[in-house]
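Just so it is clear, none of the values below were taken in a lab; they were calculated from the coordinates. Here the structure is a predicted model, which is why all the values come from computation and not from measurement. Positions of Cβ are generated from backbone atoms using ideal geometry, with glycine treated the same way; all protein chains shown enter the neighbour counts.
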């Protein structure tokens, strides 16, 4: 059974007096550990689809199920818990908390969910453990010497790496990335993808959904879904290409 | 429509609620400016017209002993007329004296509906020099308000006209009777009148609490007054009207010349002339006018400065948020000047809207504001309220200037000369110092580490930028300072009154005598025998001049001669230094400060010294004024700021009066069980047994209530300030907190996306606002205290009334509590909106 299931999902927005159909009867199944790239032009409904999966938005029609959770019918309170425990999000504009340092940004996410104990599988909220875990993740994204810097003191690539560390530190089952390289140049963008690639994948049982309008990123996914006018126009699996081989 | 105009209106539309709030604050400022200044102008014009239309005397001069019965107390009317004409006609030049009036002005007692009180008879001849009837005297005329004036036959009947303050207090109507004088002679009231001479109901400087309950004026035909006082054909006062274009100094010279002429040529004995400027009612009126004028300027200016601050904060934040757009506009070719004009245009439109609304409100309420002061001061002349164009124009410029200053300063500083600088600008850099705030570092030193999901974000939010911190705290400072000032005013006054009447004044009944009895100790002994009376004392109250030996500075004061050397039973002192010693004087602190003297220094007291005794019961004597040196034994800080205490025996000795008993004009009584019934019963008994020469007997509650009535004007002003304060506080707090939260909306969306519970976000925002409120409260209280001091100085003479200004703990809590409630209400709507944000949309753009 698929891990993420979208059944006939539709989403309408009312902008002024006109109604826009962002998603039109989307049916989609995504397996656990799959790296999916959702590709399409602006206005195709990519981000809306991502938001449905991430519990950032609810569909106008249809049903979104993640594991055994019916995300589309959750109350606001349970949606918050769902986002906290199951989902990590990486935004195009990083969305770091400007008053918190890189380390504190990661700590924030960890303080909400705690850190899993290796010994018994339980969760600890010990501040030292949280701090060490946050450092560990920042180390993994190559920012061990920038942990006390504030977002305004970091470059765009560094900020995105902090955002990735923040999203992944809580070890979510789903990582959603909305145009993660959209605001970065090629070199930095590829570095970010390499980090994401290294920290996700089947071995970690983590499903990754990357939204992009950049076709060159599509080879990174095990599967590519192309959207146009709110509909899936193409859905294919492929042989994964490492990020370091991507070029745009 | 040009691009700039479009942009201006677009920005105004986008932030309409906030801009409208500031417009409203400006409107309130302009309304109060137009209203208060117009009221002041109307009042000034009203009394000026009254002085001109009714020939207010340029100076008056009484006989040397106007209240007495000797040869220096009265002057023959016909002789004095002849002397005055002689003075006017001397020399070849046209006399500066236009006309004069010879009157009787005599302080006595009235009995009105069974109650006795102090009062003054003013009597003028109802016939001119040629023997023709006249309604008005030549000088110090009056306006009939109700009833009829004196007629040709009035001089043969016991009829009177009652000055309006007294008539209003007692609700006296024509044809009613009042008893005048010691012998309670009934006089029929023909009508009531208003006169510039008593625009303010005040008899003398010594009466610090002028009230119609204790002082009123009754006009009599001269002949009736002469019969009543048994002084046929005599008068005791000259009122003189001079040309209007003379300076005070010139008036004083003429008055001195007249005195010299009458004394040297005609051997009369006269008091020093009293110039119009020194006439008690006129003097008090001038003080009130000065207070009204200052209040008229100060209140609107404070409001406009706050509006300016609000505009500064709002535009400052707007410009920061739109810095990149500004850079783009510059890159597209807009000049820096054009962009400044665009933002300035917003500020000017906001100010213009506020100014127009304020001006319209000012016009709509013109009939309410215009006569405000004249009604509050019970000036008995109809104020002529007209639209004052100069005030309207000045108000207009004030309003526009508020917009210009409040708008130009933040905009000019924020717009860089080069577009690249604006484009490079990162709002997050602007609102983040990039450092851990000092407060947090101090906490860390004490090993207190704030949790990231705990109070770290609220603390960082507060300290992230000086400008942002200032603008957030500004609203709270405004709110707390206004609330604490208003409540501080009320509680300071209440405390002063409470202290005065509950602690300092330790008596239950007080007797005032119309003339000084010289057997006060016998009277006290007799009263002490009345059932229920536990103790009796007496003192001698008079006006005096005190001069410093060192600085030579003089001051007019109220001198109280106390009869008890071993502790004054009716008064509890609040000493700042020293103590009471029967051989010296105790000065109130403002006098000591004014004279630059302190305990153990010496001062000169100008007191009357007896030269010839005419009668001892009641006291009729001749006095000369002499300066006697006394050591200062103590300094008191009391409600009555211009008072000096001296031992009664020492005063009697210095006055050369020790062979003639114990003179006193006030007897104070302590009652065992001072219930209203008991007090009334004792009062009746005193009236029945010892009524001779008594003007008034009143309870402490009655005096306190009279005084509270007097303070109505001040309370009214405080209530106006309170209303403005509440409106201003609410609008400015709401505006700022709203902006704060709106700036954080995207960040709140990010935190929600990460999975932060709503409750924690609400807590974070509340804690941040709590920090703003606490810090703002501390600063607001400091500003509040300064404003309290300033306003009280403006609306109340703090030298005359010694009021200890303070802001109580309750007021501090109240200011904090009310402001916090305002903050919580203000955060409710934007926070609710933020919590219901479309996260997908809100997280799409860069977090600011």
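Percent relative contact order of chain B, based on C-alpha pairs within less than 8 angstrom and at least six residues apart?
Numbers: 1530 pairs, mean separation 137.0, N = 848.
Rounded, it is 16 percent for chain B.
For labels at residue B:627 and residue B:583 in the simple 7 Å Cα→Cβ model, what's the distance in nm?
The two pseudo-label positions are separated by 2.3 nm.
Helix-only estimate, please: 222 nm mean residue ellipticity of chain A, summing -39500 (n - 2.57) across DSSP H runs of length 4 or more and dividing by its residues, to the nearest 500. Working shown, then result.
On the way: 6 runs with 74 residues, N = 248.
One gets -9500 deg cm²/dmol as the mean residue ellipticity at 222 nm.
Specify the inter-centroid distance of the range B:39-98 and the range A:1-46, based on alpha-carbon positions, in whole Å.
What the calculation gives is 100 Å, centre to centre.
Expressed in nm², what is the orientationally averaged projection area of the convex hull enclosing the Cα positions of the range B:695-739?
Details: hull surface 16.0 nm².
Averaged projected hull area, Cα only: 4.0 nm².
Please work out whether the range B:515-692 counts as rounded, prolate or oblate from its C-alpha gyration tensor, where a ≥ b ≥ c are the square roots of the eigenvalues and a/c under 1.5 means rounded, while otherwise a/b larger than b/c means prolate and anything else oblate?
oblate
For chain B, what does -39500 (n - 2.57) per DSSP helix run (n ≥ 4), summed and divided by total residues, give at 222 nm, in deg cm²/dmol to the nearest 500? Can you show the working numbers first?
Details: 27 runs with 425 residues, N = 848.
Helix-only estimate at 222 nm: -16500 deg cm²/dmol.
Can you give the mean number of other chain Cβ atoms that lie within 10 Å of the Cβ atoms in peptide A:122-133?
1
Determine the shape class of the range A:72-183: with a ≥ b ≥ c the square roots of the Cα gyration tensor eigenvalues, call it rounded for a/c under 1.5, and otherwise prolate if a/b is greater than b/c, oblate otherwise. Walk me through the numbers on the way to the answer.
On the way: a/c = 1.94, a/b = 1.16, b/c = 1.68.
It is oblate, given that a/c is not under 1.5 and a/b is not larger than b/c.
Applying 1/(1 + (r/R0)^6) with R0 = 56 Å to the Cβ-Cβ distance of residue A:213 and residue B:364, what FRET efficiency is obtained, to the nearest 0.05?
Working: r = 60 Å, r/R0 = 1.07.
For R0 = 56 Å, the calculated efficiency reads 0.40.
Give the order of A:144, B:571 when sorted by the count of other beta carbons within 10 angstrom, beginning with the fewest. Mind showing how you got there, number by number?
Details: A:144 11, B:571 21.
Going from least to most buried by this count: A:144, B:571.
May I ask you to give the average projected area over all directions of the convex hull of the Cα atoms of the range B:71-119, in nm² rounded to one decimal? Write down the numbers at each step before the final one.
Details: hull surface 22.1 nm².
For the Cα atoms of the range B:71-119, the hull's average projected area reads 5.5 nm².
May I ask for the distance between the Cα centers of the range B:308-360 and the range B:465-536, given as a whole number of Å?
50
Any chance you could run the full-extension gain for residue B:283 through residue B:325? It's 0.36 nm times the residue separation minus the Cα-Cα distance, nm to one decimal. Intermediate results must be reported in sequence, preceding the final value.
Details: separation 42, 0.36 × 42 = 15.12 nm, distance 6.21 nm.
Taking residue B:283 through residue B:325 to full extension adds about 8.9 nm, to one decimal.
Considering every residue in A:79-91, what mean count of other chain Cβ atoms within 10 Å of its Cβ is obtained?
Mean partner shielding for this stretch: 4.
Where does each of B:764-774, B:495-505 land if you order them by average Cβ count within 10 Å, highest first? Write out the running numbers ahead of the final one.
On the way: B:764-774: 21.4, B:495-505: 16.5.
Peptide ranking by packing, descending: B:764-774, B:495-505.
State, to one decimal in nm², a quarter of the convex hull surface area for the C-alpha atoms of the protein assembly as shown, i.e. the direction-averaged projected area. Walk me through the numbers on the way to the answer.
Numbers: hull surface 233.7 nm².
With every direction weighted equally, the projected area is 58.4 nm².
Return the ratio Rg/(2.2 N^0.38 Å) for the range B:625-753, where Rg is computed over Cα atoms only. It would help to have the intermediate numbers written out before the result.
On the way: Rg = 29.7 Å, N = 129, 2.2 N^0.38 = 13.9 Å.
Dividing the Cα Rg of the range B:625-753 by 2.2 N^0.38 Å gives 2.13.
Starting from the coordinates of the alpha-carbon atoms of chain B, obtain the Kirkwood hydrodynamic radius over all distinct pairs and give the value in Å to one decimal. Each step should come with its number before you reach the end.
Working: mean 1/r = 0.0317 Å⁻¹.
Hydrodynamic radius (Kirkwood, Cα pairs) of chain B is 31.5 Å.
Calculate, for residue B:17 and residue B:301, the FRET efficiency according to 1/(1 + (r/R0)^6) with r their C-beta to C-beta distance and R0 41 Å; round to the nearest 0.05. Provide the component values of the computation, followed by the final result.
Working: r = 26 Å, r/R0 = 0.63.
Plugging the Cβ-Cβ distance into 1/(1 + (r/R0)^6) gives 0.95.
Viscosity 1.002 mPa s, temperature 20 °C: Stokes-Einstein D of the range B:440-550 from its Kirkwood Cα radius, in µm² per second? Present the calculation step by step, with values, prior to reporting the outcome.
Values: Rh = 21.6 Å.
The estimated diffusion coefficient comes to 99 µm²/s.
Report the paramagnetic label zone for residue B:774: residues of the range B:727-767 whose backbone N is under 16 Å from a point 7 Å from Cα along the Cα-to-Cβ axis.
Residues B:763-767 qualify, since their backbone N sits under 16 Å from the label point.
Report, for chain B, the % of DSSP beta bridges that are antiparallel, rounded to 5. If you can, show how the numbers build up before the last one.
Working: 86 of 106 bridges.
Restricted to chain B, the bridges split so that about 80 percent are antiparallel.
Mind giving me the nanometre distance, one decimal, between the label points for residue B:250 and residue B:837, set 7 Å out from Cα along Cα→Cβ?
Calculated label separation equals 7.6 nm.
Can you give me the angle between helix B:16-53 and the longest principal axis of chain B, using Cα atoms only, in degrees from 0 to 90, rounded to the nearest 10?
Roughly 20 degrees between the two axes.
Full extension from residue B:341 to residue B:176: what is 0.36 nm times the residue separation minus their Cα-Cα distance, to one decimal in nm?
52.2 nm
What does the extension gain come out to for residue A:1 and residue A:155, with contour length at 0.36 nm per residue minus their alpha carbon separation? Don't skip to the end; give the middle numbers.
Details: separation 154, 0.36 × 154 = 55.44 nm, distance 4.18 nm.
Extending this stretch completely gives an extra 51.3 nm.
Go ahead and run the numbers for FRET between residue B:401 and residue A:198, Cβ-Cβ distance against an R0 of 51 Å, rounding to 0.05.
That pair, residue B:401 with residue A:198, gives E of 0.20.
Angle check, please: helix B:745-754 long axis (alpha carbons) against the longest principal axis of chain B (alpha carbons), in degrees 0 to 90, nearest 10.
50
Across peptide B:450-462, what mean number of C-beta atoms from other chains lies inside 10 Å of a residue's C-beta? Show your work: numbers first, answer last.
Numbers: counts 1, 7, 17, 9, 1, 0, 7, 5, 1, 1, 7, 3, 1.
Mean shielding by partner chains, rounded to a whole number: 5.
Which percent, nearest 5, of DSSP beta bridges in the protein assembly as shown are antiparallel?
On the way: 111 of 149 bridges.
Antiparallel: roughly 75 percent of the beta bridges in the protein assembly as shown.
Starting from the 7 Å offset along Cα-to-Cβ, what nm value, one decimal, do you get for the label separation of residue B:382 and residue B:412?
Result: 5.1 nm between the two label points.
Kindly provide the pair-distance distribution of the range B:64-270 built from C-alpha pairs, with 10 Å bins from 0 and whole-percent values in order of increasing distance.
Values per bin, smallest distances first: 8, 33, 36, 19, 4, 0.
By per-residue mean of other Cβ atoms within 10 Å, what is the highest-first order of A:128-141, A:103-116? Don't jump to the answer; show the numbers that get you there.
Working: A:128-141: 19.1, A:103-116: 23.1.
Top of the packing list down: A:103-116, A:128-141.
In whole percent, what relative contact order does the range B:515-692 give with Cα contacts below 8 Å and a gap of six or more residues?
Values: 380 pairs, mean separation 61.2, N = 178.
Result for the range B:515-692 is 34 percent.
How do B:738, B:198 rank when sorted from fewest to most other Cβ atoms within 10 Å of their own Cβ?
Values: B:738 20, B:198 28.
Listed from fewest to most nearby Cβ atoms, that is B:738, B:198.
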